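Working notes, beginning with the structure itself.
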Amino acid sequence: MSTFELRDRLNERSLASAKTVAICGIVIGILAGWLALPPATVRNPALPIVLGFIAVLLGAYGIYCDEKRAGWGAVAAGLAGTALGLLVQHSSVGHLESAFAWGTLLAATLRYATPLTFAALGGIFSERSGVVNIGLEGMMLAGAFFGIWGADKTGNWILGVLIAMLAGGLFALLHAIWSIHLRADQIVSGTAVNFLALGLTGYLFIQVYGSNGTPSLSSGNWFKGESIPDVTFSSSSNFFAQVFGQINLMIWIAIILVVVSHLFLFRTSLGLRIRACGEHPRAADTVGIDVYKVRYSSVVLSGVLAAMGGAYLSVGFTHSFNQNMTAGRGFIALAAVIFGKWRPFGAFGAALLFGFSTALAYAIPPAYSDTASSVLKSGSLFQALPYVLTLIAVAGVIGRSIPPAADGRPYKRQ
Amino acid sequence: MAAASPVVLELHGITKQFPGVLANDHIDLDLKRGEVHALLGENGAGKSTLMNILYGLYKPDEGEIVLNGKPVTFSSAKDAIGKGIGMVHQHFMLIPVMTVAENIVLGTEPTEAGIVLDYGGARKRVEELAKTFGFQIDPDARVENITVGQQQRVEILKALYRRADILILDEPTAVLTPQEATELFAILKTLKAEGMSIIFISHKLNEVLDIADRISVLRRGKMIGTIPREGATETELARMMVGRDVVLRIEKPPHKVGEALLEIDDLHVLDDREIEKVRGVSLEVKAGEIVGIAGVDGNGQTELIEAITGLRHPTAGTILVGRSKVIHHANPRTMLDAGIGHIPEDRQRRGLVLDFSIAENIALHDYRYAPDSKFGWLYPKRLIERARRLIEEFDVRGGGPTTRAGGLSGGNQQKVIVAREVARNPKVLVAAQPTRGLDVGAIEYVHRRLVAERDEGRAILLVSLELEEILSLSDRILVMFEGQIVGEFPPTASEEELGLAMIGAGKERAA
Amino acid sequence: MSQPAGENPAGAPSPQQPESPYPQTFVGRLTARYRVGGIVTPIFTVIIAFLAGGIVVAATGHNPLETYRAIFNGTGLNWFFPWVTGSERADAATNLQQTLILTTPLILCGLAVAFAFRCGMFNIGGQGQYLVGSYVAVFVGSAWAGMAGPAHIFLAVTLAALAGAAWGGIAGFLKATTGAHEVITTIMLNWIAVWVGNYFFGLQGPFQGPDAFNPISNTIADSAKLPVFWGDPNLQGLHVGLFIALGMLVVFWLILNRTTLGFEVKAVGFNPDAAEYGGISVKKNYFLAMAISGCFAGLAGAMDILGWEFNISTPQILFSNIGFIGIAVALLGRNTALGTLLGALLFGALYVGTSTRQLDPSVFDPELASNLTLIIQGLVVLFVGADLLVISIWNQRRRIPTRRRTALE
């Protein structure tokens, strides 16, 4: 029989469908790289090469059967996995084990990913309702400052977080009024929010906590309030305990919110309406949905969520504040939204990935401080990884990222 | 039976004013239960405004609406829906990425515990509803994946789901194939039998005579009259719609035909959704003749024009302009340079840069050649010079060479486009819907201009949805149906003949 | 702004078409406003922003008038007042030099944003393009120390500008080929530039300078330094980069109004569909506009390095925000050459006047003041976004009553 018939026959049996094959290819490709890392630490170069080759073959099969995205994904995973595996094998085992202590690495990943997760969830709500929000950075920063200021002044971390949420909500309200009622350009409005938040938080910070020129802030002891507590299950040193045994409450809240957000957006009627406003606001209007109200709520919610992320950053993580402390995390969160295709689980996955690269950026330099490689000693290039990945995603190399249809377009009621 | 039916809806003295336009002028209308009441009028007569008022999207400045004997006011669309009025818009209010069921229940979703969406319940209800009225619809299909005719049915189901007993259809056949239109009429008859009262807005005489029980005619915002279908004739309706007996026909001197300047051979073109819209079209336009392409919108005319003007790549076939073959992957620049002039059907989107001045718009194709520019350096004064000449020659009113194009009226904007295209001295002039949205004076101007260009020896391809225009201007008429040329007619053909071909009936006969 | 539903929409009658008429692009709205409102609206915007800033100052227990006066004295603009003499005048001169030093890159970064806007794109990537230009300026300036002065400067400037053009071009290329939105890509490129620079010039980075304990690059050779024409070269006098920036304003205007490229860029910015129909390659112009914008910003980086910074350090990279101020400059100036100049002057003066060197701490804490400037900057951008609509709504309201009267007669 001809290859076409063979292919069609195979496809009929779902176990051997092209898509499954290609996905296997992706997994094998990832394995090619991952097995070279601890704890497997395979040192034989044959393994990554062979696994990578298999992945590419499977991917090619997928492409041949018209499963283009998964197929090309497998090819890419195969090539990248092989390259990564071979690269990793260049390093000594000692270095690798020092850098890739998975327990601490993953725990750090969760910590770095959490602010991103909060802000990304906020971004998803806003954009799903049709309003582009690049002011997440500013709203997060506002949450960071007002959270710590609130916790300091009231002595209570709960109130601190609530005050942070209020601050984020107010900045978001500003963005909402501009974008919805005044129908201003949403990027301009978001940029303005970022400038305002940066200036206002810096101003108030110096005003309240700075005295002309004294370095009392750098000692880190000025924050007298409660910080957000950790949730402790166990302090043993097995792998799961290392990762999940003792992590901050906010991290758990973030994970719960991811699930809640997904259920809310895709399984409730309110979520349906939010998505309708983001896809075709006039259609939603004609069936009696108040598009303005939905958009206002979504944007304010996005500010509240982003501020929660900021509050975790200051009150829960570093226990301090310094000017512009979010340092672009709001934009990484935006990248996570796009990378995750405007879906909560996708964005969470992206946030974890980005958090992982940040964790690597901090884990690798100390482990490799005695080597000659400037790349590994610096860690800065790892910090750039989230942005590079998003660039690739936006360019559609791994499948188009399509936003809600009416995202960014102001709506005028008749 | 019509006389005995109760009146469900009455409009008294409805008036609505917009800046510069009195859209509805003291309109009276009544609707009986179980009847199809057609609302007829030309584009711009005020039909849609009236219906938007009825549907709660606008508030009337004066007048009252009486529903089942009680006066009502609608504060919003939701309010109108709640009182039983359902509207099927001309531009569908459907969300492409959502399923049929989601679209139908949106806004009145069935829920568990008030929050969680009961999708299974929604699906069941949609299925039941569809069965009751005899529709065939897949509730789980995404709207972007179903045909236009099916999408319209979803719109109707939306209204039925909300227990509408008055249904308003706004130009429903504008986007349907003739087959789908027949199916729609069958559905309307079923709905009528179930006791629905239907208002059917249209500007197509033949349709209205087909489906309506009573016909009301609007003209320039005023209600001219309401007549029953029995005894109504096309001429009488046309006279009510337009206010004069005779349909506009331009005087055309006999023309001399030269060699073929545009030759299209077996052209195949796909649209954005990879559906083949032009399926093997061959035609030729000779110098000194106007060839008109008639057809219902959506039969491939748009894609054909886009291929000729370089905006879309054909997948097969050739286009020859002036006897020289044009490259397969032609872009607009190549086509323009080859000698094609294009009056686009959407002048504000494609034809003009509204924020540019008249002079800059006139230079839109030729700015990169002398005398407008040299080696990339632009000479604005020369642009202005040329614009001044053309403004005078083509009688463009409302501004000078430096006036922003967006400030001109529709008719004058079209004159600027015509001026630009004609002044380039093209071999072939493609005119798509050249008089859409224009007032009578501007229409006359454009028609006269096209004939004059024909007499200058150009080959003119006219594509229009208005049969009247085609009949009036063309020397030869081609009918396009489902992506193919299904017939050629002389300008003396009757509207009936053309109409039949446009529906595809002629095709069967020929085969 | 919307047509009454009774009239014939100008769009093709397809079922999923959004409402007509053809919506104006953002740059179309900005330009329309400029034609009618002229210079009044920006001035009005600035006044309101300053007022709001003053309210913040007052609300936190300081005197706004004295604060603004102290800031003003720090800008050196009082040098233009003939009644200022003696040592006060000398101080004002130094301050004015600083203001103009900052105005130079601000003009260029403003042009970087403005040019892209004219083509309908929002270039938030000025910061990254500026940084990339600085990196190249540092490389070229510190290598080839043996070169003659003018040639060395020319080489450094040109390569830095090209680097910026390449950085902007990446975003343009992605938009042209894949349709990727330039806001996202340029934001990403900004941060990539920051971290790459952090890597280059950080501790033990490949391009770290001679001091092993400080993350600073090499210092550029004397031959690469831009000559100072006013003030003391050893005390950061004003360099000729100002003239280059002013020259670029003219180039900007010439490109947009006297070349076919500018014609195409504007057409694409106002209406890409009509531009395409006219034979203009929309994709090519997206790429070129972003590249030219990046060129301006890269040039700004070169001006700063070759003019007064002479090297670059990682803290500098992280805290630099000239590219972002450029956004405010361009928006305030309505994407025009003259507007950019005035906007750059305003923000240059503000940032200098509130800096630690210039501002008297007993009147107002400079750290507070620099944040105040950020607040004012945010307010300016906010109001630019809104004033177009507010004023156009106001205009519409004025128009309707007259029409109504005539129709009902």
Cα centroid separation, region C:123-202 to region A:311-348 (Å): 27 Å
Which ³J(HN,Hα) values in Hz, rounded to whole numbers, follow from the phi angles of region B:432-440 under the Karplus curve 6.51 cos²θ - 1.76 cosθ + 1.60, where θ = phi - 60° and Gly and Pro get x? 10, 6, x, 10, 5, x, 9, 7, 4
Computed FRET efficiency, Cβ-Cβ of B:LYS252 and B:LYS70, R0 41 Å: what is it to the nearest 0.05? 0.10
Would you mind checking region A:29-50 for residues with the amide N under 12 Å from a putative spin-label position 7 Å along Cα→C-beta of A:GLU97? A:38-41
Simple spin-label estimate for A:HIS319 and C:ALA145 in nanometres, 7 Å along Cα-Cβ: 4.8 nm
Using alpha carbon centroids, what distance separates region B:48-93 and region B:444-490, in Å? 40 Å
To the nearest 0.05, what FRET efficiency results for B:THR226 and A:LYS19 with a Förster distance of 41 Å applied to their C-beta separation? 0.10
Alpha-carbon centroid distance for the pair region B:137-194 / region A:68-100, whole angstrom: 55 Å
For B:THR315 and A:PHE240, extending 7 Å from Cα along the Cα-Cβ vector and measuring point to point gives, in nm, a value of 5.5 nm
Could you sort the peptides A:193-206, C:294-307, B:97-110 by per-residue average Cβ neighbour count (10 Å cutoff), highest mean leading? C:294-307, A:193-206, B:97-110
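To the nearest 500 deg cm²/dmol, what mean residue ellipticity at 222 nm is calculated for the protein assembly as shown from DSSP H runs of n ≥ 4 alone, each contributing -39,500 (n - 2.57), summed and divided by the residues?
Numbers: 49 runs with 724 residues, N = 1334.
So the calculated ellipticity at 222 nm is -17500 deg cm²/dmol.
Would you mind counting up the charge near B:ILE166? Only other residues with Cβ under 13 Å from its Cβ, with Lys and Arg at +1 and Asp and Glu at -1. Before the final figure, lay out the partial values.
Values: positive: B:LYS32, B:ARG33, B:LYS83, B:ARG162, B:ARG163, B:LYS192; negative: B:GLU10, B:ASP30, B:GLU35, B:ASP165, B:GLU194.
Here the count lands on +1.
Rounded, prolate or oblate: pick one for chain A, where a ≥ b ≥ c are the square roots of the eigenvalues of its C-alpha gyration tensor, a/c under 1.5 means rounded, and failing that, prolate if a/b is larger than b/c, else oblate. Can you show the working numbers first?
Numbers: a/c = 2.24, a/b = 1.23, b/c = 1.83.
Here chain A falls in the oblate category.
Tell me, A:HIS90, A:HIS181 in order of fewest to most beta-carbon neighbours within 10 Å?
On the way: A:HIS90 10, A:HIS181 14.
Going from sparsest to densest Cβ surroundings: A:HIS90, A:HIS181.
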Assuming R0 = 30 Å, can you tell me the calculated FRET efficiency for the pair B:ASN206 and B:LYS131, based on Cβ-Cβ distance, to the nearest 0.05? 0.40
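Please arrange C:TRP167, C:TRP144 by how many other C-beta atoms lie within 10 Å of their C-beta, fewest to most.
Details: C:TRP167 30, C:TRP144 15.
Ascending Cβ contact count within 10 Å gives the list C:TRP144, C:TRP167.
If a/c stays under 1.5 just call it rounded; otherwise compare a/b with b/c (prolate if a/b is bigger, oblate if not). Do that for the protein assembly as shown, with a ≥ b ≥ c from the square roots of the Cα gyration tensor eigenvalues. Write down the numbers at each step before the final one.
Working: a/c = 1.69, a/b = 1.48, b/c = 1.14.
In terms of gyration-tensor shape, prolate.
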Full extension between B:ALA113 and B:TYR379 adds, at 0.36 nm per residue less the Cα distance, a length in nm of 88.7 nm
Two-site label geometry, C:LEU51 and A:VAL208: point separation in nm, points 7 Å out along Cα→Cβ: 2.8 nm
Sorted by Cβ density within 10 Å, fewest first, the residues A:HIS175, B:HIS26: B:HIS26, A:HIS175
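Quick note: the coordinates plus some simple rules give every number you see, no bench work behind them. Owing to the predicted nature of the structure, the values given are computational and were not obtained by experimental measurement. As a convention, Cβ positions derive from the backbone with ideal geometry for all residues, glycine included, and neighbour counts pool all protein chains shown.
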